[in-house]
1. Tell me, which residue of segment 202-224 that is surrounded by fewer than 18 Cβ atoms within 10 Å (Cβ to Cβ) and acidic (Asp, Glu) is nearest to the ligand (Cβ to nearest atom)?
2. Hey, can you tell me all the residues within segment 68-79 that are open to solvent by less than 40 Å² (accessible area, probe 1.4 Å) and in contact (Cβ under 8 Å) with a residue 40 or more places away in the chain?
3. Please go through segment 277-295 and give me each residue that is open to solvent by 60 Å² or more (accessible area, probe 1.4 Å) and outside any helix (DSSP H, G or I), ordered by number.
4. Val305 - would you say it is open to solvent by 30 Å² or more (accessible area, probe 1.4 Å), within 18 Å of Leu41 (Cβ to Cβ) and touching a Leu at 6+ places or on another chain (Cβ under 8 Å)?
5. Select from segment 175-193 the residues that are surrounded by fewer than 18 Cβ atoms within 10 Å (Cβ to Cβ) and in a helix (DSSP H, G or I) and write down the one among them that is nearest to the ligand (Cβ to nearest atom).
6. So which residues in segment 80-105 are open to solvent by less than 20 Å² (accessible area, probe 1.4 Å) and within 16 Å of the ligand (Cβ to nearest atom), if there are any at all?
Amino acid sequence: MAKKIIAAAYGDPTEVLEIVEVEIPKPGREQVVVRVRAAGLNPFDVKVVSGTLGRSSDKLPLSPGAEAAGVVHAAGAASGFAVGDEVVVYPATAAFAEYVLAPAASVHRKPADLGFAEAASLLLAGVTAVDTLATLRVDGDDVVLVHGGSGAVGSIVVTEAVAAGATVIATASPRNHEHLRELGAVPVSHGDGLAAAIDEARGDQRITAVIDTVGTDEAIDVSLELVAPHRIVSIAAWGRADDGIVIVDGSSEQSRHHRREAVEPLLADAADGRIGVEVARTFSFDDAGTAFAELGGAHPRGKFVFEPK
Ligand SMILES: NC(=O)c1ccc[n+]([C@@H]2O[C@H](COP(=O)([O-])OP(=O)(O)OC[C@H]3O[C@@H](n4cnc5c(N)ncnc54)[C@H](OP(=O)(O)O)[C@@H]3O)[C@@H](O)[C@H]2O)c1
């Protein structure tokens, strides 16, 4: 038997999350069972459990966890993997568990130079970041405004945009401005005075593209004053689609294509340090409620990761 985190109801994660004992899964021919060494927590998991993405009773109990890294425990004959291989699982389902079952297509070899915690924190944010940049075809001629440049997705957006040669202005809280400078962006604070701060940062350059990872009206309103709506890509401003901005979420064929193609380059770039993956804190399953609750509020920069014992 093995441990797994579930939520039997939607609501406050400190109340609805529990640890249950389940059978260790067995792989089909093209499936792999991975002994989880680390599983990355994402805002998506928090939204699913708290019910902000819907409260369908058909989906209960919930088994959260969308990405993990670990060691192959059992491999189907046609999976292409062998027991002992170190792998990353993305997209995963029910990854907050000691063992995760996944189709071989979602299992990727973990570069030896990439730690388990970092590998389990990279891909969901990373493929999303690459998707936003590819959707806007950002290149060295662009001046890009990134809302939420210090976040998991935003940090990779900034890194990749700078690597493409673009000029990058990014919003963050003041405590994260030095981090943005290190990534190569000009930092500005969100909140009061945002428009004036962006104007000062851009000087006489024109903003040509906006990537929003925050979704606030403040971020979208200031962006619509700077560029045409089709040059604004958001991963979070669901309520502003009527403004003509582009929402990307992996549901279109183009978005899925960008994300599939991004996986191997992201793993290689993270392994050799071209992309930094910051792990803020690791948690045991016993502290799942705390981890979810803290990620759902103001939290430190970097990823939260579960490490089953
Ligand atoms: N559509 C998709 O495919 C997709 C995929 C992944 C994630 N998402 C969504 O994208 C969002 C970001 O995900 P993430 O993993 O990057 O989250 P994260 O690591 O928690 O980052 C959140 C960012 O938002 C900034 N922020 C917080 N409050 C703000 C405010 N009032 N105004 C401006 N910025 C603010 C934070 O900056 P400071 O701390 O410096 O203030 C931080 O940079 C989440 O809503 C997530 O669900 C969507």
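The values are calculated or read from the model by the stated rules, or taken from the named source; none is laboratory data. For clarity, every value in this text was computed on a predicted model and none was experimentally measured. A quick note on method: Cβ atoms are made from the backbone with ideal geometry, for glycine too, and the neighbour counts reach across all protein chains shown. SASA here: full protein model, heavy atoms, side chains in, ligands and nucleic acids out. Shrake-Rupley method; radii C 1.70, N 1.55, O 1.52, S 1.80 Å.
1. Glu218
2. Passing the criteria: Ala68, Ala69, Gly70, Val72, Ala74, Ala75, Gly76, Ser79.
3. Glu278, Arg281, Thr282 - these are the residues of segment 277-295 that are open to solvent by 60 Å² or more (accessible area, probe 1.4 Å) and outside any helix (DSSP H, G or I).
4. Numbers: open to solvent by 30 Å² or more (accessible area, probe 1.4 Å): no; within 18 Å of Leu41 (Cβ to Cβ): yes; touching a Leu at 6+ places or on another chain (Cβ under 8 Å): yes.
No; evaluated as a whole, the condition is false for this residue.
5. Arg175
6. Ala92, Ala95 - these are the residues of segment 80-105 that are open to solvent by less than 20 Å² (accessible area, probe 1.4 Å) and within 16 Å of the ligand (Cβ to nearest atom).
Condition check ((1) within 16 Å of the ligand (Cβ to nearest atom); (2) under 29 Å from Val20 (Cα atoms); (3) surrounded by 21 or more Cβ atoms within 10 Å (Cβ to Cβ)) across all residues:
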position: Ala120; (1), (2), (3): yes, yes, yes
position: Asp139; (1), (2), (3): no, no, no
position: Val157; (1), (2), (3): yes, no, yes
position: Ala163; (1), (2), (3): no, no, no
